[in-house]
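Take a look at the structure below.
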Amino acid sequence: MTRPFIEARDISKRFGALQALSGVDLDIFEGEVLALLGDNGAGKSTFVKILSGAHAPTGGDLVMDGRPVEFASPQDSAAAGIATIFQELALSENLSIAENVFLGRELTHRVLGVPFLRHTAMKRRVGELLRELDAHISDPEVPVGSLSGGQRQAVAISRALNLNARLVIMDEPTAALAVAETRKVLQLIRKLADSGRAVILVSHNMHDVFEVADRIAVFRRGRKIAEKMRAETNPEEVVSFITGAHPDVRALEMQS
Amino acid sequence: MRNPLDWFGRREALLAVACMAAVLLFSILSPYFFNADNLSAVLNNSVELLLVGLGMTLLLGVGGIDVSVGVAMGLAAIAVGRLLQAGVNPVVAGLAGPAAGLVIGAATGSVVVFGRIPAIVATLGLYGVYRAGIYLCLGGDWLSGLPVGLTDLVGTGIAGVPLAFPCVAITYLALYVALRRTPFGPHLLAIGHSEAKARLSGVSVNRTQMLAFIVSGALMGLAASFYVATYRNVEMTIGGTLALEAIAAVVLGGTSVTGGRVSLVGTILGVLLLRLLQNGLLLSGVPSLWQPVVTGLLLLTVLGIEAAQGRLSLATLLRPKGGRLASRVAQ
Amino acid sequence: MLKTSKLLLLSVALLAATSGLATAADAKKKVAFVPQLIGIPYFDAMKAGGTAAANKLGVDFIYTGPVDANPVDQLQIVQNLVNQGVDAVSVSVLDASSIAPVVEAAKAKHVILFTSDSDAPNSGRAVYVAQATDEGLGDMIIDEMVKRVGPDAKIGIVSGEATASNLNAWIGYMQARVKDKYPKLKLLAPQFAGGTAQRAAQLATDIMAANPDLKGIIGVASSTCPGVAQAIETAGKVGKVIGTGYCSPNTARAYLKSGAFAYTVLWDPAELGYLTVWAGKQLIDGKPFEATMTPEGMSHPVTYDAKTGILLLGEPAVFTAQNVDNYHF
Ligand SMILES: Nc1ncnc2c1ncn2[C@@H]1O[C@H](COP(=O)(O)OP(=O)(O)OP(=O)(O)O)[C@@H](O)[C@H]1O
Ligand SMILES: [Mg+2]
């Protein structure tokens with residue numbers, strides 16, 4: 001098999017007294033959709049935030065293309081080719097769609113050292129992205145505060161696409177969406193992977209996961225307790241991993 | 001900018017109408033109000049508040065505040081005054097104001113940004129520190145009757161136009177361009193809206209906040225130079241109420257107290273309205289004691305209307321074409 | 001940080017005071033004066049006057065006080081002086097309500113405690129050495145104004161804080177003087193500028209705009225003087241509108257010279273300092289104050305009111321372009 005794009009090795013994270021993650025090993029491959037599942041508070045978002053530079057791990061390493069990396073900030077992670085759509089979306093409702101898509105990495109040209117915004121170029125690019133997503137938003141100048149949940153998700157996805165990232169992380173992207181919009185997002189996820197990107201999808205929706213994921217990892221109480229190729233498992237088994245009913249999990253939890 | 005009037009929204013229009021109404025009313029109430037001498041005196045009296053207010057607009061916009069800006073201006077004024085006393089070229093002394101202001105702004109910003117102390121608390125503390133600084137610098141004595149060099153320079157101005165006008169105009173234009181045409185604008189507004197989200201989006205929060213404090217500091221320092229030029233005096237109590245007046249004018253102008261929305265034109269109109277009211281009320285025979293009451297009530301009314309509107313029709317405020325976008329930078 | 005540096009300064013000041021005491025432990029009587037704060041020209045002038053009196057009268061003069069007008073620090077300094085057995089201690093009181101217990105303690109140790117420059121009326125102090133009466137100040141500024149604009153004129157008033165009782169008292173006596181002696185003089189209602197020159201200038205400008213026939217403006221708080229003067233200069237009304245106020249020569253010097261101010265009224269703190277030390281010596285010697293007397297080394301008589309226990313320096317001083325350079329406070 002090919003070398004993973006990112007290897008997470010023995011990752012742990014404490015928030016004060018709370019052990020949110022412990023000893024997580026996980027490989028992330030390009031061209032593959034990896035689904036993260038687990039109960040509320042299992043540590044999925046925490047893991048994803050470590051990959052995106054929003055949290056620093058308490059222990060363990062990230063290895064990228066065979067070399068250890070450290071992300072001190074979301075900028076670092078973005079620069080390394082990781083785009084994250086956070087569960088809480090992190091959009092600025094008071095800014096326009098175009099401003100949101102380019103926030104923190106605006107297109108500029110320098111005049112006497114002053115970076116001037118390239119409004120037209122950014123608007124054009126956002127228009128293309130929205131069309132590609134089939135988002136039914138005609139005007140990239142509209143403030144995000146006036147958009148529906150699905151439209152906001154589309155803006156967040158545009159942001160990730162615009163990064164031209166090697167890894168796109170989506171934390172529960174379909175949670176707030178209607179059926180049709182969910183379909184569109186799932187198609188998009190597949191398209192991203194088929195174009196050679198790595199995708200991490202965090203979701204509680206078994207149906208969605210089995211539709212698009214290539215590989216499935218289950219988190220429970222801060223640990224990765226199972227990792228299966230989709231073809232090797234089924235929804236029932238995954239559910240039993242999540243709830244802790246599976247014999248393997250019981251054995252594991254008896255030990256510790 | 002799709003609509004050329006985009007920068008001039010509902011609040012700005014309201015303020016402009018209020019200013020005109022005030023002019024009309026006071027012209028009727030006092031025969032001494034509507035003449036060139038009086039109106040130019042009103043403008044002259046607005047210069048420091050305009051500069052400090054424009055700086056405060058950035059700070060409120062980014063979700064910060066600086067209640068120490070008035071006494072900080074006192075420190076910058078001491079620098080300017082001492083240089084004038086020492087017989088330094090007035091151009092140099094005048095430029096020392098913004099330079100000193102920039103340094104003080106950076107110091108204030110550092111305490112807020114790197115100390116991770118809420119701006120209101122940090123600057124309240126710095127208010128005391130800077131006040132003590134003024135005291136230590138002046139030693140209980142004022143700088144009085146300073147040399148007229150800077151006064152003449154500012155008064156003569158360029159081609160007969162007093163220096164204050166180009167200074168305020170250039171400041172406005174520079175801030176407009178910075179907010180509208182550079183990443184500083186969206187970054188500032190994103191942070192003002194939500195610091196955490198801005199951070200996740202890869203905005204350099206610390207840098208943007210520092211920049212806002214530094215720019216506000218430099219403008220405060222420029223105001224100090226004008227103060228010294230105008231009054232040739234630095235008193236122990238300098239700038240005591242300036243920060244609050246500035247905050248009032250800025251909020252009146254439509255900049256959000258909690259950040260995420262700014263209006264430069266609003267600030268300018270807010271300052272003018274405050275000064276027009278102060279002048280007009282006195283000329284109409286209302287004792288000066290009532291001036292803060294009137295301006296206070298005005299502010300409460302505006303904020304009250306805003307709060308009511310926000311509760312009743314957030315959706316309409318936010319709808320793209322429904323009047324002013326709550327979101328846009330109104331310059 | 002601020003607090004510790006302040007404490008440091010305070011202890012240094014105390015140390016200096018006590019060590020001065022130790023070396024000067026001879027037969028000479030000791031009179032101390034504790035100002036509201038040290039290092040400002042006003043109290044420096046009082047110190048100079050006190051030193052002159054000490055040399056003339058043959059006593060030791062101790063001058064020590066807080067660095068930032070903090071009443072607690074001041075009380076501690078007074079307490080220390082009392083404990084060290086200084087013969088007479090005078091205080092320019094910061095907090096009138098808290099000084100009484102110290103006066104008691106001083107009596108127990110046979111130390112004479114009295115007030116100067118700022119009083120604590122019901123504290124049991126031996127005497128209050130007063131610079132001028134509110135009435136004297138009010139009368140003087142009006143009389144001097146009438147000398148320059150005549151008895152038939154319109155005069156504006158710019159005061160400081162509306163809550164400052166001394167400023168309001170002066171304004172009250174100005175109004176009373178006008179009513180009694182110059183019924184044709186029109187004194188406009190006072191406008192209150194708070195503490196800043198900017199606001200004072202704004203109000204003075206507006207008063208001149210609202211009253212084109214204005215003949216004079218009085219800046220009541222010393223903080224309003226520069227603003228009033230500057231407004232007169234900016235409006236191009238030097239000579240047409242007579243500016244004045246209760247402000248020190250240092251504050252008013254430039255404006256007296258430019259003509260924006262014709263005069264200012266205040267007292268001479270050097271004389272006040274002299275009288276303070278003289279009064280201390282008088283009390284130590286057990287000599288009574290007479291209703292009118294001329295202390296040794298002073299050029300004019302002072303008055304004593306036995307009922308209120310106030311020793312009054314006399315008429316306020318008037319500073320003009322001609323005499324201002326003789327004063328440095
Ligand atoms: N910033 C934080 N500070 C303290 N505790 C945190 C923080 N973020 C997460 N936690 C805690 O860490 C644990 C894991 O949270 P996490 O958000 O990773 O769960 P999750 O698997 O994403 O859950 P959900 O499915 O509800 O999104 C939870 O107990 C949560 O309360
Ligand atoms: Mg989560």
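Checked against (1) within 28 Å of C:A197 (Cα to Cα); (2) in contact (Cβ under 8 Å) with a residue 24 or more places away in the chain; (3) of a type in the set (A, V, I, L, M), C:V302 meets all criteria but (1). Screening A:A165 on (1) away from ligand 2 (no atom under 16 Å from the Cβ); (2) small (G, A, S); (3) within 14 Å of another protein chain (Cβ to nearest Cβ); (4) out of contact with any Gly (no Cβ under 7 Å at 6 or more places or on another chain) shows it passes everything except condition (4).
Number of residues in the stretch C:231-250 that are free of Cβ contacts under 8 Å to residues at least 40 places away in the same chain, of a type outside the set (D, E) and open to solvent by 10 Å² or more (accessible area, probe 1.4 Å) equals 7. Is it the case, given these coordinates, that B:I214 is open to solvent by 20 Å² or more (accessible area, probe 1.4 Å), more than 14 Å from chain C (Cβ to nearest Cβ), in contact (Cβ under 8 Å) with a residue 12 or more places away in the chain and within 24 Å of B:L15 (Cβ to Cβ)? No. Of the residues making up the stretch C:221-242, none is polar (S, T, N, Q) and at pLDDT 95 or above. Just one of the listed residues (B:G253, B:G240, B:G270) is surrounded by fewer than 22 Cβ atoms within 10 Å (Cβ to Cβ) and touching a Gly at 6+ places or on another chain (Cβ under 7 Å), and it is B:G240. Across the stretch B:80-98, not a single residue is classified as part of a loop (DSSP other than H, G, I, E, B), crowded, with 19+ Cβ neighbours inside 10 Å and modelled with pLDDT of 95 or more. The residue of the stretch A:50-64 that is nearest to ligand 2 (Cβ to nearest atom), among those that are open to solvent by 40 Å² or more (accessible area, probe 1.4 Å) and under 18 Å from the mean Cα position of the chain (by Cα), is A:H55.
Among the residues of the stretch C:197-207, which ones are open to solvent by less than 10 Å² (accessible area, probe 1.4 Å) and not acidic (D, E)?
Within the stretch C:197-207, C:A197, C:A200, C:A201, C:Q202, C:L203, C:A204, C:I207 qualify.
Only one of the listed residues (A:A176, A:A217) is touching a Lys or Arg at 6+ places or on another chain (Cβ under 9 Å), within 16 Å of ligand 2 (Cβ to nearest atom) and without any contact (Cβ under 8 Å) to a residue 40 or more places away in the chain. That residue is A:A176. Based on this model, can you work out whether C:D268 counts as within 23 Å of C:I142 (Cβ to Cβ), acidic (D, E), modelled with pLDDT of 95 or more and open to solvent by 10 Å² or more (accessible area, probe 1.4 Å)? Judged against the criteria, C:D268 is not a match.
When the stretch B:217-259 is filtered for residues that are farther than 23 Å from B:G128 by Cα and either within 14 Å of chain C (Cβ to nearest Cβ) or basic (K, R) (or both), the ones remaining, listed by number, are B:F226, B:A229, B:T230, B:Y231, B:R232. Note on the stretch A:1-24: among residues that are of a type in the set (G, A, S) and within 11 Å of ligand 1 (Cβ to nearest atom), the one that is nearest to A:S52 (Cα to Cα) is A:A20.
Does the stretch A:143-159 contain at least one residue that is open to solvent by less than 40 Å² (accessible area, probe 1.4 Å), within 14 Å of chain B (Cβ to nearest Cβ), among the hydrophobic types (A, V, I, L, M, F, W, C) and within 16 Å of ligand 2 (Cβ to nearest atom)? Yes: one or more hits.
The residues in the stretch A:30-44 that are open to solvent by 30 Å² or more (accessible area, probe 1.4 Å) and within 16 Å of ligand 2 (Cβ to nearest atom) can be counted, and the count is 3.
Taken over the stretch A:65-78, the residue count meeting the criterion of being crowded, with 20+ Cβ neighbours inside 10 Å and either within 13 Å of ligand 1 (Cβ to nearest atom) or touching a residue at least 40 places away in the same chain (Cβ under 8 Å) (or both) is 1.
Please work out if A:S52 is under 30 Å from A:G244 (Cα atoms) and at the interface with chain B (Cβ under 9 Å from one of its Cβ atoms). Here the answer is yes, as A:S52 does meet what is asked. Within the stretch C:107-137, the only residue that satisfies the criterion of being over 21 Å from C:M46 (Cβ atoms) and among the hydrophobic types (A, V, I, L, M, F, W, C) is C:A108.
If the requirement is being of a type in the set (F, W, Y) and under 30 Å from A:D76 (Cα atoms), which of these qualifies: B:F184, B:F226?
B:F184
The C-beta contact set for the stretch B:168-187 (first residue under 24 Å from A:F102 (Cα atoms) and in contact (Cβ under 8 Å) with a residue 40 or more places away in the chain, second residue aromatic (F, W, Y) and open to solvent by 40 Å² or more (accessible area, probe 1.4 Å), distance under 9 angstrom, 6+ apart or interchain) comprises B:Y176/B:W7; B:R180/B:W7. Selection over the stretch B:16-75 of residues that are open to solvent by 10 Å² or more (accessible area, probe 1.4 Å) and hydroxyl-bearing (S, T, Y) gives a count of 3. Which residue out of C:G160, C:G194 is modelled with pLDDT under 95, surrounded by 22 or more Cβ atoms within 10 Å (Cβ to Cβ) and not hydroxyl-bearing (S, T, Y)? That would be C:G160, the only listed residue that is modelled with pLDDT under 95, surrounded by 22 or more Cβ atoms within 10 Å (Cβ to Cβ) and not hydroxyl-bearing (S, T, Y). Need the failing condition index for B:L143 against (1) on the phi > 0 side of the Ramachandran plot; (2) within 14 Å of chain C (Cβ to nearest Cβ), just the number. B:L143 satisfies all of (1) on the phi > 0 side of the Ramachandran plot; (2) within 14 Å of chain C (Cβ to nearest Cβ) except (1). The residue list A:F86, A:F47 contains one member that is within 14 Å of another protein chain (Cβ to nearest Cβ), within 13 Å of ligand 1 (Cβ to nearest atom) and either in contact with a Pro (Cβ under 8 Å, 6 or more places away or on another chain) or open to solvent by less than 20 Å² (accessible area, probe 1.4 Å) (or both), which is A:F86.
Please specify each residue of the stretch A:1-44 satisfying the condition of being in contact (Cβ under 8 Å) with a residue 40 or more places away in the chain, over 16 Å from A:M170 (Cα atoms) and of a type in the set (D, E, K, R). Selection gives A:R3, A:E7, A:R9, A:D10, A:K13, A:R14, A:D25, A:D39.
Checking each residue of the stretch A:181-201 against the condition of being more than 14 Å from chain B (Cβ to nearest Cβ), within 16 Å of ligand 2 (Cβ to nearest atom) and surrounded by 22 or more Cβ atoms within 10 Å (Cβ to Cβ) gives at least one match. Selection within the stretch A:94-138: residues that are surrounded by fewer than 18 Cβ atoms within 10 Å (Cβ to Cβ) and touching a residue at least 40 places away in the same chain (Cβ under 8 Å). The member of this set that is nearest to the other protein chains (Cβ to nearest Cβ) is A:R105. Take the stretch C:52-69 and flag every residue that is surrounded by 17 or more Cβ atoms within 10 Å (Cβ to Cβ) and of a type outside the set (A, V, I, L, M, F, W, C). Those that are surrounded by 17 or more Cβ atoms within 10 Å (Cβ to Cβ) and of a type outside the set (A, V, I, L, M, F, W, C): C:D60, C:Y63, C:T64, C:G65, C:P66, C:D68.
The values are calculated or read from the model by the stated rules, or taken from the named source; none is laboratory data. All values reported here derive from a predicted model rather than from experimental measurement. Heads up, the Cβs are rebuilt from the backbone with ideal geometry, glycines too, and the neighbour counts pull from every protein chain shown. Please note that ligands, DNA and RNA were not included when accessible areas were found on the heavy atoms of the full protein model with its side chains. Shrake-Rupley method; radii C 1.70, N 1.55, O 1.52, S 1.80 Å.
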